[in-house]
Amino acid sequence: MPNAVTDNTTLDRYELITDGGIAFVRYRTVDGIRTLTHAEVPKALEGHGLGSALARGALELARTQRYKIVPQCPFIVAYIAKHPEYRDLVAH
């Protein structure tokens, strides 16, 4: 089981650190809205559900932190489409 997703505010990204590397979602924050711009999973870890765990963890953290989000990353957009419980986070 991978470690929990954390918010690395120094690098403006949510991170999921594993033995095989760091998966992350980059973001920009303006006026309480966090734009999720890019997600990346180490090549060696692709296909093992790490991307989904990262997306879920990032969205849960955004909820806890009380951010609305703008999903620009295609992976995050697709994840939200498959998981409607996160649609309320999307800024309109």
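For this structure, a couple of remarks:
- Here THR29, THR37 are placed in order of increasing Cβ neighbour count within 10 Å, fewest first, which gives THR29, THR37.
- Relative contact order of the chain, pairs being alpha-carbon contacts under 8 Å that are 6 or more residues apart, as %: 24 percent
- Cβ-Cβ distance of HIS92 and LYS43, R₀ of 25 Å, FRET efficiency by 1/(1 + (r/R0)^6): the value works out to about 0.10.
- Nearest 10 degrees, 0 to 90: helix 50-64 Cα axis against the chain principal axis: 30 degrees
- Across all C-alpha atoms in the chain, the radius of gyration and Dmax reach 12.2, 38 Å.
- Peptides 50-57, 18-25 ranked from most to least packed, by the mean per-residue count of other Cβ atoms within 10 Å: 50-57, 18-25.
- DSSP bridge pairs, the chain: antiparallel proportion in percent, nearest 5: 75 percent
- Taking ARG26, ARG66, ARG34 as the candidate residues, the one with maximal mean-square fluctuation in a Gaussian network model of the chain, Cα springs under 10 Å, is ARG66.
Each value in this text was obtained by applying a stated rule to the coordinates, not by laboratory testing. The structure displayed is predicted, hence computed values, not measured ones. So basically every Cβ, Gly included, is an ideal-geometry build from the backbone, and we count neighbours across all protein chains shown.
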